[in-house]
There are 2 protein chains.
Amino acid sequence: MNDIEISQKAEMLPIQSIAQKAGFTEGEVEPYGHYKAKINIFSEKEKGSMGKLILVTSINPTPAGEGKSTVTVGLGDALNEITNSAMVALREPSQGPVMGMKGGATGGGYSQVIPMDDINLHFTGDMHALTAANNTLAALIDNHIQQGNDLNIDPRSIVWRRCLDINDRSLRNIVIGLGGRFSGVPREDAFDITVASELMAILCLSKDLSDLKDRINRILIANTYDGKPVFVKDLHVGGAITALLKDAIKPNLVQTIGHTPALIHGGPFANIAHGCNSVLATRTALEHADYAITEAGFGADLGAEKFLDIKTPVLGKTPDAIVIVATIRALKYNGGANLADLQTEDLTALERGFVNLKRHVKNMMSYNIPVTVSINHFVSDTDAEVSKLAEMVKALGVNAIVTDAWAKGGEGSKELANEVIRLTNQDLGDMHKLYDVNDSIKNKIETVVKNIYGGSGVEFSSAALKKIKECEENGWDKMPVCMAKTQYSFSDDPKKLGAPSDFVIQVSDINIRLGAGFLVALTGKILTMPGLPKHPAALDIDINSKGEITGLF
Amino acid sequence: MNDIEISQKAEMLPIQSIAQKAGFTEGEVEPYGHYKAKINIFSEKEKGSMGKLILVTSINPTPAGEGKSTVTVGLGDALNEITNSAMVALREPSQGPVMGMKGGATGGGYSQVIPMDDINLHFTGDMHALTAANNTLAALIDNHIQQGNDLNIDPRSIVWRRCLDINDRSLRNIVIGLGGRFSGVPREDAFDITVASELMAILCLSKDLSDLKDRINRILIANTYDGKPVFVKDLHVGGAITALLKDAIKPNLVQTIGHTPALIHGGPFANIAHGCNSVLATRTALEHADYAITEAGFGADLGAEKFLDIKTPVLGKTPDAIVIVATIRALKYNGGANLADLQTEDLTALERGFVNLKRHVKNMMSYNIPVTVSINHFVSDTDAEVSKLAEMVKALGVNAIVTDAWAKGGEGSKELANEVIRLTNQDLGDMHKLYDVNDSIKNKIETVVKNIYGGSGVEFSSAALKKIKECEENGWDKMPVCMAKTQYSFSDDPKKLGAPSDFVIQVSDINIRLGAGFLVALTGKILTMPGLPKHPAALDIDINSKGEITGLF
């Protein structure tokens, strides 16, 4: 059986019983169908103490992904079986990859969150609410200019882009407002994928509705003709945009196949955005369970770094353990093996590719947080490969645990769960910070590049330097940096696998995200609107007259 | 209190108890929060017999609307009180007007469907699912061309436009695919408002999921370089697009303030689309209630004509009575009074403007369906005005009933309900058809213009003539016509109020909608993407820290 068949055959408990088990009161639960719910965070319930936080991350992935969500879900099920108090906190899938290449983001095999098809298609509407809010703001900006432009906005300076939760390269560079004086002011514009939008980041970093509205009001949208910044609050539409997100800000509750409660909320990509699920969902999980298991997108150079440097300060809670997911396939790929040959035993390639895992392990250890490695097992892995990898990991002072979450669910993740419990009982003291947010923008970016990526330096384009100057002049420089970089390499070149060194990261531009509270550094040829492949997944998706879907993965 | 305050103070029953009262089984009801639900139409329940169908329509409106939804809801409550078996079937509001000028579409005062704020903002996500499906198809078309264009699509011929549920004039005329060979093929494109999209029409006219998929596969998207039509089925993505609408096709259940069950589903505008709620929702209401009360958008020249000529043949059920809503204010406006003076008694203007109502009444009677007029009462109406109007209506052989649905809910609509019951017990025989669908396209359009609008003829642009020829050559001419025309006038000039004659309708273009099964005739200067006004409603909308919204109307 494939993932969707397994998920459709899985027995689901009514969402009310999952919610009750997780300690949510009846008034807090807003059902969306029989197996999904939103948690009403506006209720004034007294908060309990916080459980242990486990962050799941990975090595640099192959294009198919390395099963990080699968391990997260399996680990959640195992911890729930052992402790009877675990909750999973994941990101929401974007429909771009669902219809495109990578597929959904609900785990796989017997370690899935369900109903898989609903979660991958629209779910409870959060993505669409963000899209609507984002584009309503865009329409209000263009309308303001059309209706007399009282704020004196320079249309060429508008940085607020439109968005859709779709892979659509044709919308990367567009011209709008054509067709004469009744149809707007012509200008260049662009659509980003919704998961790269500032509103998505804001939703994920907001503590409550007031914080959400404050952040929205702070968003920089453009400059005036005389170079002064224009914010959302100047347009007086912060209330309306926040109102459009009143339900999207509520975390979504579903279950795993093993009936572990799972909060799925917020879904920024980790290559072009900050890559972590919402602070509200993670906090909710921490307040309702002894173990909250969350993941950050792509490799530890992207999602985990951002989790620790961007999300953790807002969350007010440091991970108690970090799990780095590695596959023997991906390590061999990083060691130079071809995608087509990954099924074949190749100890040399494994050894060569291990440098990738090694750097990620050392990076995560440098934060002073206990680390373990999960070897996400594939049937093609040979015993020799597994032993070799475990031995190399051991030499780093870290245990490598073989997990078989796909085929065996929680049962295949028990050993990993026990190792995680052991690690979370260690007390290493405070987390070491990678950089001081009060350091200069250039220094912060250089610190990430040198200490995490292993690069030798950074080159800033003139556009990036101009933005950095703008930030410094306006006092917008005391914020974390959010690196937008390919997920396939430590460098900004997707072809440099393994653990490259002596490379220079090219920063082509800086996006100023005052609402989110970070500065996005765009590196290499990173694009904030993906394209569809030659054979998009959409071609294989179908539905029958009873509403049963096939072809989702 | 204003509408949103009244709605927020109204006591709501749990949606399960509304559903139970309406005869839905537990398995059919998918809750969306505590007060909204989707009805699972995939259940194989045996269908009951059908109740009486009441269609509510109106005269040509002023820009603020004439309270058609308010009367529909009030009438529903009154019929439910009298017969204990009535259900309301309305359209879903578009967020374009909610954030723009006209406001939502949930009725008003004590005749509202609730929760008003939820229904007006996202509701259960149907609009967004349509937007996502529409734009996924657009991305797949452009991607097909980018990836080699096996189907030989001429990019200049693409008729499938993108859409957003937003008023955004800047997206009416755009150029996409700029930025070099990795970012698509440059071409002209446009966004329509989602409620004008063919997918919205298809959703509203589909009988079930299979029909939905068949219609989607039939959509004409472009021509090849050698002039052959290209359909969705040629792209092999009909299944994926249908899968994106698997929940959107399920009717939504809410309640009125008087606890009458209300199905709110599908929301095409009546000026630029066919203006009726979904066939599935109307059928569901008819199968579950003795009286199903529905409305069609804007004046009877638009929504009602389309209800009778486009929706009725698919629904397989003719209205048993038609209610034409008129306000003394709007009739005076149609009689030449200024918008600012509508509060002042003006019997002369009323008499002059009455010609508008008169033509609508005669039009509706020409279908051989019993008709009544609802005088939707405003406090500024004087007794003399009301008597005068009632007397003029009476002379047409039709009763005019004063209704006060806004202030008094069902209680203010009882007399209207009794008149409706009386009318539905009449049997006038079969409905008279306005035109034969097998007639030529030109003749069908001319019939609507002459017999409904009272115009003297039609002028077709060369673009329209070319499309008509294309339709005839391909055998696409045996479909109803869907007129896209201003709602403010019988003519295509919004300034010609009252009952103009001797005018010629300009048909500028024909949109071929093979999935919806009709041809859209664009008249005058009608736009399929509205703009925002100088002071958009968004500026007055706010939300507090508890999630309570103000400023929606």
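The values are calculated or read from the model by the stated rules, or taken from the named source; none is laboratory data. What you see is a predicted model; the values in this text were computed from it and never measured. When we count neighbours, we look across all protein chains shown, and the Cβ atoms used for this are built from the backbone with ideal geometry, even at glycine.
Would you list the helices (runs of 4 or more DSSP H) that sit entirely within region A:83-171 and hold 3 or more residues that are farther than 27 Å from B:T124 by Cβ?
Here the list reads A:126-146.
Name the residue that is surrounded by the most Cβ atoms within 10 Å (Cβ to Cβ), counting only residues in region B:199-246 that are more than 9 Å from chain A (Cβ to nearest Cβ) and within 26 Å of A:A190 (Cβ to Cβ).
B:L199
Select from region A:471-494 the residues that are closer than 30 Å to A:T62 by Cα, among the charged types (D, E, K, R) and out of contact with any Asp or Glu (no Cβ under 6 Å at 6 or more places or on another chain) and list them in ascending order.
Of everything in region A:471-494, those that are closer than 30 Å to A:T62 by Cα, among the charged types (D, E, K, R) and out of contact with any Asp or Glu (no Cβ under 6 Å at 6 or more places or on another chain) turn out to be A:D492, A:D493.
Identify, from the list A:V386, A:V379, A:V371, the residue that is among the β-branched types (V, I, T) and closer than 18 Å to A:N60 by Cβ.
A:V371
If a residue must be more than 21 Å from A:S278 (Cα to Cα) and hydrophobic (A, V, I, L, M, F, W, C), how many such residues does region A:83-139 contain?
Selection size over region A:83-139: 5.
Does A:T57 satisfy the condition of being under 25 Å from the mean Cα position of the chain (by Cα), part of a strand (DSSP E or B) and over 30 Å from B:G27 (Cβ atoms)?
So A:T57 passes the test.
Restricting the search to region B:115-124, which residues are at positive phi and within 7 Å of chain A (Cβ to nearest Cβ)? Please lay out each step first, then the result.
Going residue by residue through region B:115-124, those that are at positive phi are B:122-123.
Answer for region B:115-124, where residues must be at positive phi and within 7 Å of chain A (Cβ to nearest Cβ): just B:H122.
Considering every residue within region B:160-171, establish whether at least one is within 25 Å of A:A132 (Cβ to Cβ) and among the hydroxyl-bearing types (S, T, Y).
The answer is yes, given that some residue of region B:160-171 is within 25 Å of A:A132 (Cβ to Cβ) and among the hydroxyl-bearing types (S, T, Y).
Take the conditions within 18 Å of the chain's Cα centre (by Cα), aliphatic (A, V, I, L, M), at pLDDT 95 or above and over 30 Å from B:K38 (Cβ atoms) and apply them to B:A292. Does it pass?
No; evaluated as a whole, the condition is false for this residue.
Rundown of residues vs (1) touching a residue at least 12 places away in the same chain (Cβ under 8 Å); (2) aliphatic (A, V, I, L, M); (3) in the same structural domain as B:N451 (by TED's automatic domain parsing), yes/no style:
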site: B:D492; (1), (2), (3): yes, no, yes
site: B:G517; (1), (2), (3): yes, no, yes
site: B:A537; (1), (2), (3): yes, yes, no
site: B:D540; (1), (2), (3): no, no, no
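Let's see how each residue does on (1) at pLDDT 95 or above; (2) within 20 Å of A:A190 (Cα to Cα); (3) surrounded by fewer than 20 Cβ atoms within 10 Å (Cβ to Cβ); (4) not charged (D, E, K, R):
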{"position": "A:S489", "(1), (2), (3), (4)": "yes, no, no, yes"}
{"position": "A:P500", "(1), (2), (3), (4)": "yes, no, yes, yes"}
{"position": "A:D509", "(1), (2), (3), (4)": "yes, yes, yes, no"}
{"position": "A:L519", "(1), (2), (3), (4)": "yes, yes, no, yes"}
{"position": "A:L522", "(1), (2), (3), (4)": "yes, yes, no, yes"}
{"position": "A:K525", "(1), (2), (3), (4)": "no, yes, yes, no"}
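Condition (residue is polar (S, T, N, Q), within 13 Å of chain B (Cβ to nearest Cβ) and part of a helix (DSSP H, G or I)) applied to region A:40-54: is it met by at least one residue?
No, region A:40-54 has no match at all.
So A:R513 fits all but one of (1) in contact (Cβ under 8 Å) with a residue 40 or more places away in the chain; (2) within 13 Å of chain B (Cβ to nearest Cβ); (3) touching a strand residue (DSSP E or B) at 6+ places or on another chain (Cβ under 9 Å); (4) not aliphatic (A, V, I, L, M); what number is the exception?
(2)
Of the residues in region B:1-38, how many are assigned to a loop (DSSP other than H, G, I, E, B), under 17 Å from B:T124 (Cβ atoms) and among the polar types (S, T, N, Q)?
0
Let's see how each residue does on (1) of a type outside the set (A, V, I, L, M, F, W, C); (2) in the same structural domain as A:D165 (by TED's automatic domain parsing); (3) farther than 15 Å from A:I257 by Cβ:
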{"residue": "A:Q16", "(1), (2), (3)": "yes, no, yes"}
{"residue": "A:G27", "(1), (2), (3)": "yes, no, yes"}
{"residue": "A:E81", "(1), (2), (3)": "yes, no, no"}
{"residue": "A:S85", "(1), (2), (3)": "yes, no, yes"}
{"residue": "A:A89", "(1), (2), (3)": "no, no, yes"}
{"residue": "A:E92", "(1), (2), (3)": "yes, no, yes"}
{"residue": "A:A105", "(1), (2), (3)": "no, no, yes"}
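Among the residues of region B:386-399, are any within 22 Å of B:D77 (Cα to Cα) and either touching an Asp or Glu at 6+ places or on another chain (Cβ under 6 Å) or modelled with pLDDT under 95 (or both)?
Checked against the condition, which is being within 22 Å of B:D77 (Cα to Cα) and either touching an Asp or Glu at 6+ places or on another chain (Cβ under 6 Å) or modelled with pLDDT under 95 (or both), region B:386-399 yields at least one hit.
Would you confirm, using the coordinates I've provided, whether B:K442 is part of a helix (DSSP H, G or I) and charged (D, E, K, R)?
Yes, satisfied.
Within region B:163-198, can you find the residues that are more than 7 Å from chain A (Cβ to nearest Cβ) and surrounded by 20 or more Cβ atoms within 10 Å (Cβ to Cβ)?
Hits for region B:163-198 are B:C163, B:D189, B:F191, B:D192, B:I193, B:T194, B:V195, B:A196, B:S197, B:E198.
Exactly one of these conditions fails for B:D150: (1) in contact (Cβ under 8 Å) with a residue 24 or more places away in the chain; (2) within 14 Å of chain A (Cβ to nearest Cβ); (3) acidic (D, E). Give me its number.
Going through (1) in contact (Cβ under 8 Å) with a residue 24 or more places away in the chain; (2) within 14 Å of chain A (Cβ to nearest Cβ); (3) acidic (D, E) one by one, B:D150 breaks only (1).
What pairs come out if I take residues in region B:227-243 that are over 15 Å from B:E198 (Cβ atoms) and in contact (Cβ under 8 Å) with a residue 12 or more places away in the chain and pair them with residues that are among the β-branched types (V, I, T) and assigned to a loop (DSSP other than H, G, I, E, B) whose C-beta lies under 6 Å away, six or more apart or interchain?
Listed pairs, sorted by first residue: B:G239/A:I541; B:A240/A:I541.
Within region B:205-224, which residues are part of a loop (DSSP other than H, G, I, E, B) and either free of Cβ contacts under 8 Å to residues at least 12 places away in the same chain or over 14 Å from B:K246 (Cα atoms) (or both)?
The first filter runs over region B:205-224 and keeps only residues part of a loop (DSSP other than H, G, I, E, B), leaving B:206-208, B:219.
Correct list: B:I219 only.
Could you check region B:125-147 and list, in sequence order, the residues that are more than 8 Å from every other protein chain (Cβ to nearest Cβ) and within 21 Å of the chain's Cα centre (by Cα)? Working first, answer last.
Taking region B:125-147 as the starting set, the residues that turn out to be more than 8 Å from every other protein chain (Cβ to nearest Cβ) are B:126-127, B:130, B:133-134, B:137, B:141, B:144-145.
Result: B:D126, B:M127, B:L130, B:A133, B:N134.
Can you tell me how many residues within region B:528-553 are in a loop (DSSP other than H, G, I, E, B), farther than 19 Å from A:I145 by Cβ and more than 7 Å from chain A (Cβ to nearest Cβ)? Spell out how you get there, then give the answer.
Within region B:528-553, the subset in a loop (DSSP other than H, G, I, E, B) is B:528-536, B:541, B:544-548, B:551-553.
Subset that is farther than 19 Å from A:I145 by Cβ: B:528, B:541, B:544-548, B:551-553.
From the residues that got through so far, the ones that are more than 7 Å from chain A (Cβ to nearest Cβ) too are B:528, B:544, B:548, B:551-553.
Of the residues in region B:528-553, 6 are in a loop (DSSP other than H, G, I, E, B), farther than 19 Å from A:I145 by Cβ and more than 7 Å from chain A (Cβ to nearest Cβ).
Note down all Cβ pairs under 6 Å where the first residue falls in region B:121-147 and is within 18 Å of A:P97 (Cβ to Cβ), the second is of a type in the set (S, T, Y), and they're at least six residues apart or on different chains.
Note: pairs meeting the criteria are B:D142/A:S170.
Could you count how many residues in region A:527-540 are within 25 Å of the chain's Cα centre (by Cα) and either charged (D, E, K, R) or buried (at least 17 other Cβ atoms within 10 Å of the Cβ) (or both)?
Total satisfying the criteria: 9.
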